[in-house]
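Scroll down for the structure; my scribbles are underneath it.
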Amino acid sequence: MAKPPLSMKPTGWFQVAWSDEVAVGAVHTMKYFDQEMIAWRAEGGQLTVMNAYCEHLGAHLGHGGTVVGEVLQCPFHGWQWNGEGRNVCIPYEDRPNRGRRIKTYPVVERNDSVYIWHDLQDREPYFEAPDVFADFADGSSAAGYYPQQRLFRQGLEMHPQYVLENGVDFAHFKYVHQTPIVPVFTRHDFDAPVSFVDFTITFEGDDAQSIEDINSGVEAINGGLGIAVTKSWGMIDNRTISAITPVDESTSDVRFMVYIGRPQGDSAARNPERAAAKAAEFGQEVIRQFSQDVHIWAHQRYSDPPALASSEHQGFTAIRNWAKQFYPDGRGGSAAELATHS
Ligand code: FES
Ligand SMILES: [Fe+2]
C-alpha cells in the first residue's frame with residue numbers, strides 16, 4: 001500500500017460518470033477530489049455537476065433531492081437550486097437567497113462520458129477534454145464503431161500520472177503485455193496541456209521480426225492527466241479512452257472504454273451477429289490488456305527519482321516535466337494546496 005506522493009488534486013478534465021448513469025430527472029451521487037458531489041439532469045436535458053450539500057442547512061442533495069423541471073429541489077425544506085448552483089426558490093419566502101451558491105463544475109459530455117473541469121484555483125478550462133473520434137481528424141465517428149465496452153475499477157491506490165507514464169515506457173510492453181518485440185516511439189510532443197504520443201507496436205509474430213517491418217501502431221492524445229484517447233492502425237480497428245479520477249488522498253477510480261470498428265464487407269453483412277460477437281471478444285481482449293497495467297499501477301509505489309536506464313531518460317524526463325504543470329504547486333507536490341485552499 002503506497003499513498004502517491006503526487007498531489008491528488010491536479011487541474012484538468014476528469015471523468016466522474018457515464019452519461020447513461022444520469023437519465024433525465026435523475027440525481028447521481030459520487031465522491032471525487034475529496035468532495036461529495038452530485039450529477040443531475042434537468043427535464044430539458046441539461047446536466048449539472050455540483051457539490052452535494054444544500055447551502056441552507058446542509059442536506060445531502062443526492063439523498064432525496066428531486067429534479068423539478070429545470071431545478072433541483074432539496075428534500076429537507078424544499079429550497080430549489082438551478083444549474084448554476086444558485087438558489088431560485090425558498091417556498092416559504094417571497095424571494096430566494098441570492099447570496100449563497102453551491103459550487104458547480106464546468107462539465108462536458110463526450111464519447112458517452114461525463115467530464116468535469118477540476119481546478120483548485122477555479123480558473124476557467126484552458127484546454128479541451130479529448131474526443132476519441134474528432135481529435136484524430138480522420139472523419140471517424142461513433143457510427144462506425146460498435147457500442148462502447150467498459151471497465152470500471154473503483155478505489156484503487158493509484159495516481160492518474162502512472163497511466164500517462166505508460167506513454168513513454170517502451171520496456172513494459174514486452175513484460176506486461178507480452179508483445180513479441182519492444183515498441184518504438186515515433187512521436188513525443190509534450191509542449192502543451194494536451195500532449196501526443198505515437199508508437200509502432202505489434203502483438204503478432206515472434207521476437208525475430210524487426211521493428212522496421214511492423215505496420216501497426218497506436219496514436220495517443222493525452223488531455224491533461226485525467227483522460228487519454230487512443231487510435232490504433234494496422235490492426236483490428238479500435239479506439240480507447242482511459243480516464244483516472246482521484247477520489248481522495250489515496251485512491252482513484254479507473255474507467256477504460258473500448259470501441260471496435262464495424263467491419264465493412266460481405267461476410268459481416270451476412271452474419272451481423274457473428275461480427276458483433278467477434279468485436280465483443282476483441283474488445284474484451286483490449287480490456288484484458290489494460291487490466292494487466294492496472295494490476296501493476298494499483299500496487300505500485302511512485303519512484304522519484306527513478307532508477308532509469310539511459311534509453312528511458314529522455315521520455316520519462318519529458319513526461320514528468322509536462323505533468324508538473326497540472327499540480328497546485330507546479331512541482332507535483334501537495335503541500336501548497338492546503339495553504340491555498342480550504
Ligand atoms: S437543507 Fe436544503 S432546504 Fe434546508
Ligand atoms: Fe501498458
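The values are calculated or read from the model by the stated rules, or taken from the named source; none is laboratory data. All of these numbers come straight from a predicted model, not from anything done at the bench. Counting neighbours? That spans all protein chains shown, and the Cβs are built from the backbone with ideal geometry, glycine included.
Some observations on this one:
- Take the conditions (1) under 27 Å from the mean Cα position of the chain (by Cα); (2) within 16 Å of ligand 1 (Cβ to nearest atom); residue 133 misses just one of them, which is (2).
- Being at pLDDT below 95 and part of a helix (DSSP H, G or I) is a property that residue 273 has.
- Taking the criterion of being part of a loop (DSSP other than H, G, I, E, B), among the charged types (D, E, K, R) and in contact (Cβ under 8 Å) with a residue 24 or more places away in the chain, the residues of region 174-227 that qualify are 204, 206, 207.
- Just so you know, in region 229-259 the residues that are of a type in the set (A, V, I, L, M) and over 14 Å from residue 286 (Cβ atoms) include one that is farthest from the chain's Cα centre (by Cα), and it is 247.
- Some residue of region 85-103 being surrounded by 16 or more Cβ atoms within 10 Å (Cβ to Cβ), β-branched (Val, Ile, Thr), more than 16 Å from ligand 2 (Cβ to nearest atom) and in contact (Cβ under 8 Å) with a residue 40 or more places away in the chain: yes
- Selection within region 307-342 - at pLDDT 95 or above and not in a helix (DSSP H, G or I): 307, 308, 309, 325, 326, 327
- Filter result for residue 44 (out of contact with any helix residue (DSSP H, G or I) (no Cβ under 7 Å at 6 or more places or on another chain) and within 10 Å of ligand 1 (Cβ to nearest atom)): no
- Count of region 277-293 residues which are within 16 Å of ligand 2 (Cβ to nearest atom) and either farther than 10 Å from residue 151 by Cα or touching a Lys or Arg at 6+ places or on another chain (Cβ under 9 Å) (or both): 7
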